[in-house]
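So the structure is just underneath, and the comments pick up after that.
The values are calculated or read from the model by the stated rules, or taken from the named source; none is laboratory data. As the structure is a computational prediction, the values presented were derived from the model and not from experiment. All Cβ positions, glycine included, derive from the backbone under ideal geometry; neighbour counts span all protein chains shown.
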Amino acid sequence: MNPSIGYTALILVSVTTALIGFYGLRVSRTTSDFYVASRTVRPWWNASAIGGEYLSAASFLGIAGLIVISGIDALWFPIGYTAGYLMLLFFVAAPLRRSGAYTIPDFAEARLESTTARYVTSVLVVIVGWFYIVPQLHGAALTIRTTTGLPSWVGAGVVVVVVVLTVVTGGMRSITFVQAFQYWLKLTALAVPAIFILLMLAGEGPGPVLQTGTELFPPAAPITGDSSYRTFSLLIALLFGTLGLPHVLVRFYTNPNGAAARRTTLIVLGLLTIFYLFPTIYGVLGRAFLPMPGAGESPDATVLLIPGTLVGGVAGDMLSALVVAGAFAAFLSTTSGLVVSLAGVISQDLLGGSVRGFRLAAVLAAVVPFGFAMMTDSLALAGSVGLVFAFTASTICPLLLLGIWWRGLTDAGAVAGMLTGGLLCGAAILLGSGVAHNSPWRDVLTQPAAWTVPAAFLVTILVSKATKHRRSASLSRFMTKLHVPERPLAQENPRSQAG
Amino acid sequence: MSLGPGRPPAPGRVRVSAPRTQAPHLPATTSVSQEVAEQSAVGEIMVQSLIRSQLRLALVVTAGFMASLLFCWVLVSWVPFFSQWRIMGIPAPWLLLGVGAYPIIGVCAWLYVRAATKNEAQYRDLVEEK
């Protein structure tokens, strides 16, 4: 691929992101802008921002790559990513907004009245965030390597630098605009080339040569105990992992009330549905027209290579640049969302919560995963993000679900459950990365959610029952706050509070 | 960046700092119905019944959604007639998982939001009648 395409796309996205960030910064001046500006953020903006933040490297590059390798089984990934938001809508969205918690540790402290529970949650949130940033940086490294031929660290480094600069200089408000813009950029970047190529293929004339020897639409693998377990465990991880992603919760805070949080989630589901049509198309095109990736080549590059391979000339270059820009939007938006929420947690719990502390924490939140990303090698983006979801589902999910819906949850139960889930899932992931291909333990270790999530719930419930006397004193009041609807919108004028 | 002569001076910058947990205690989020609920035993029972009905609703819709996912999975992997069926050259299992699963998600979400809003409206009616 022509390296200048990569450079142009990269510079365009970085500059636009920075510009929107600074424009937003000029709009937000006062404290009420900074926090309550959210009240002027319309559900559509907010939903676009959530979509922009959520659609990460795994969605943009990983799904198509997985379809190239494993065919129809990969289609469960986007279904799981979307259905995770359904669970969020059913169990978490409105109550969590009403709780007023800004971060998950805030929620833990408010619900359990325990600083220990708060610290344990903070540590887990930081671990989740760091390990979710790593695949984004792997994606950036892959993109830069594929499009410009520069070494891997350049791609990851650019993402870290741009994100830290925008986060350190901007507030929540500008992040909302940046994220919303990036959803539409990502959608355009996938949709325009895909539609162009499909029209081209449907048209007259000799089309590109089909790869022989690859079956275009392989049927589902015959059902075995192993494959059923893998699909089941993956769906558990994706459905219940979304609930606990640290950057998702912050976004719900920018809804004016619980009902708006539900409406926003409904729009998000629509936006995700439209987006996820396209990675599938790229996956199938990749199976049809690209040679199977050999050893050492990543199938995750499929999306990046398709436009240049199938469309020649200037049109091909422009479509390639668009796709590369979309990919960078994906890395930048997810990483900056995670860095903002991690910086909030780190600065508040470790550095005393000053503005300087927040900036230092933002640097810390981005540099540590950069180190991890440089030391490790990415195998498949969708798979590594799937493991992060399994970890979240085994740690944060029991805290949120039981905390919102079960009066019996105590601080001891929550801490015991989170530690159990975290240790079991962490150990499985570590052991699973080294286990042999034909080992009978392989599936159990590489898709651990099916047993670590129930284990975490069980321990949380049993320990809570054993420590009934530790139930928080203001439990009734807090549960009321979570579930009772706010005054109907007609009686208040949300605009009047924005000024 | 200079201000024009006619413009009022911009509001000064205000430092936003921890603890953020203070931020949520905005007066706007406490409502009459919340106060009623907190002050009486009857109120507490009504809140508990609201929580129960919302939880029941969430679990029922989740069960329905899981059942339809299971149905898709069985159809894709176990029904030979379905997996050989092609629509415009694309096998039906690919269409079902690549496109068809999403409307199911959308319908579940829409049904849930409608019913949850209704539960809350009923609760509000109850409280305000008193």
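Residue A:257 meets all of the listed conditions (1) more than 9 Å from chain B (Cβ to nearest Cβ); (2) over 14 Å from the mean Cα position of the chain (by Cα); (3) not aliphatic (A, V, I, L, M) but one, namely (1). Within the option set B:102, B:112, B:123, being modelled with pLDDT under 90, surrounded by 15 or more Cβ atoms within 10 Å (Cβ to Cβ) and aromatic (Phe, Trp, Tyr) holds for one residue only, B:123. Taken together, the residues in segment A:214-229 that are at pLDDT 65 or above and more than 12 Å from chain B (Cβ to nearest Cβ) amount to 2. Here are A:452, A:410, A:420, A:460: which of them is of a type in the set (Val, Ile, Thr), modelled with pLDDT of 90 or more and in contact with a Lys or Arg (Cβ under 8 Å, 6 or more places away or on another chain)? Testing whether each residue is of a type in the set (Val, Ile, Thr), modelled with pLDDT of 90 or more and in contact with a Lys or Arg (Cβ under 8 Å, 6 or more places away or on another chain) leaves just A:410. Pairing residues of segment A:379-391 that are in contact (Cβ under 8 Å) with a residue 60 or more places away in the chain with residues that are of a type outside the set (Asp, Glu) and assigned to a loop (DSSP other than H, G, I, E, B), at Cβ distances under 7 Å and at least 6 apart in sequence or on separate chains, gives A:384/A:378; A:385/A:56; A:390/A:448. Just name the residue that is nearest to residue A:186 (Cα to Cα) out of those in segment A:326-347 that are out of contact with any Pro (no Cβ under 6 Å at 6 or more places or on another chain) and not hydrophobic (A, V, I, L, M, F, W, C). Taking the candidates together, the pick is A:326. Restricting the first residue to segment A:432-454 and requiring it to be more than 11 Å from residue A:229 (Cα to Cα), which pairs with a second residue that is modelled with pLDDT of 85 or more and of a type in the set (Phe, Trp, Tyr) meet a Cβ separation below 8 Å and a spacing of at least six or different chains? Pairs that qualify, where the first residue is more than 11 Å from residue A:229 (Cα to Cα) and the partner is modelled with pLDDT of 85 or more and of a type in the set (Phe, Trp, Tyr), are A:453/A:240.
Considering segment A:111-146, the residues that are surrounded by fewer than 22 Cβ atoms within 10 Å (Cβ to Cβ) and of a type in the set (D, E, K, R) include one that is farthest from residue A:248 (Cα to Cα), namely A:145. Summed over segment A:77-110, the residues that are surrounded by fewer than 24 Cβ atoms within 10 Å (Cβ to Cβ), at the interface with chain B (Cβ under 9 Å from one of its Cβ atoms) and under 23 Å from residue A:327 (Cβ atoms) give a count of 1.
Of a type outside the set (D, E, K, R) and in a loop (DSSP other than H, G, I, E, B), is that true of residue A:417? Criteria not met by residue A:417. Listed by first and then second residue, the pairs linking a residue in segment B:63-75 that is surrounded by 15 or more Cβ atoms within 10 Å (Cβ to Cβ) to a residue that is among the polar types (S, T, N, Q), with Cβ atoms under 8 Å apart and 6 or more places separating them unless they lie on different chains, are B:73/A:231.
Residue A:377 satisfies every condition listed in (1) more than 14 Å from chain B (Cβ to nearest Cβ); (2) charged (D, E, K, R); (3) over 20 Å from the mean Cα position of the chain (by Cα) except (3).
In a residue-by-residue description of segment A:112-123, the property of being without any contact (Cβ under 8 Å) to a residue 40 or more places away in the chain and within 14 Å of chain B (Cβ to nearest Cβ) applies to at least one position. In this structure, residue A:315 qualifies as surrounded by fewer than 20 Cβ atoms within 10 Å (Cβ to Cβ), in a helix (DSSP H, G or I), touching a residue at least 60 places away in the same chain (Cβ under 8 Å) and more than 14 Å from chain B (Cβ to nearest Cβ).
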